[in-house]
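Each remark here refers to the structure printed beneath this line.
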Ligand SMILES: [Zn+2]
């Protein structure tokens, strides 16, 4: 009796109906933007002295350093070589900001 009833045919791909299915924007939680480098907080102190921090730099390894205005400018030449990101107090004009290329 070997008659094959071939109800064959390629099962045409899956049907996706998005007619009345509302996608909500921003449901992808996988893409998290990198945290912004924030200016030093009021209670953060210079790495070299005890003055209040004016500049925060982020090093290649991800560690951070905070310097007061005096030391930030004093070490500017060296700091720009190791800085991958930085942020300054709004009223502080860091000498290194002219030497560094910030993406
Ligand atoms: Zn200092």
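Taken together, the values in this text are just the output of simple stated rules run on the coordinates, not laboratory data. Everything quoted here is computed from the prediction, not taken from an experiment. So basically every Cβ, Gly included, is an ideal-geometry build from the backbone, and we count neighbours across all protein chains shown.
With neighbour counts taken as other beta-carbon atoms within 10 Å, the residues 43, 85 rank, fewest first, as 43, 85. When each of the peptides 88-98, 53-63 is scored by the mean number of other C-beta atoms lying within 10 Å of its residues, the order from highest to lowest reads 53-63, 88-98.
In terms of other Cβ atoms within 10 Å, 86, 75 run from fewest to most in the order 75, 86.
Sort 82, 100 by Cβ crowding within 10 Å, fewest neighbours at the top.
Lowest to highest Cβ neighbour count: 82, 100.
Taken along the Cα-to-beta-carbon direction at a fixed 7 Å, the label points for residue 45 and residue 91 span 2.2 nm.
The alpha-carbon positions of segment 36-103 define a convex hull whose volume is 84 Å³ per residue.
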